[in-house]
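Novice: I'd like to ask some things about the structure below.
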Amino acid sequence: MKLRDFLIGVATGLAAAVIVKEASEKVSPYVPAGQVLENIKKEFKKDSPIDGSWIFMKTDNFSNGIMTIPVYRGGISRMHEGEMQTFEFAADARSGVVVELQEV
């Protein structure tokens, strides 16, 4: 195999990878729900252990009165200073940033 043929193959593979990546982002521009939940759990674990967590895999619309964005809704429960705390959250589906957090 000639070096030239090898380099052409590598360049073709890289170009195909870039095209597939761009196409997949256009098909699903959202961060995976599981990854969003893991990031939120990681932040909660800094304060105290988590007893349970959940997230809806399907997006929902969230409006703050000015704009509407797609969000994942979910919740976290934990023991904090001897009391059970339960939180519900809404996280931006595009970035994973929590846009609403309330204790229930």
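Novice: So, E38, is that one surrounded by 13 or more Cβ atoms within 10 Å (Cβ to Cβ), closer than 17 Å to V97 by Cβ and either free of Cβ contacts under 8 Å to residues at least 12 places away in the same chain or touching an Asp or Glu at 6+ places or on another chain (Cβ under 6 Å) (or both) or not? Show your work before the answer.
Specialist: On the way: surrounded by 13 or more Cβ atoms within 10 Å (Cβ to Cβ): yes; closer than 17 Å to V97 by Cβ: yes; either free of Cβ contacts under 8 Å to residues at least 12 places away in the same chain or touching an Asp or Glu at 6+ places or on another chain (Cβ under 6 Å) (or both): yes.
The answer is yes for E38.
Novice: Scan T59, T86 and give me the residue that is of a type in the set (V, I, T) and more than 14 Å from E103 (Cβ to Cβ). Talk me through it step by step, then tell me what you get.
Specialist: Numbers: T86 fails: more than 14 Å from E103 (Cβ to Cβ).
Answer to the check: T59.
Read-outs: derived from the displayed coordinates by stated rules, not from any lab. Keep in mind it's a predicted model, so treat the numbers as computed, not measured. FYI the Cβ positions are ideal-geometry reconstructions off the backbone, even for glycines, and counts take in every protein chain you see.
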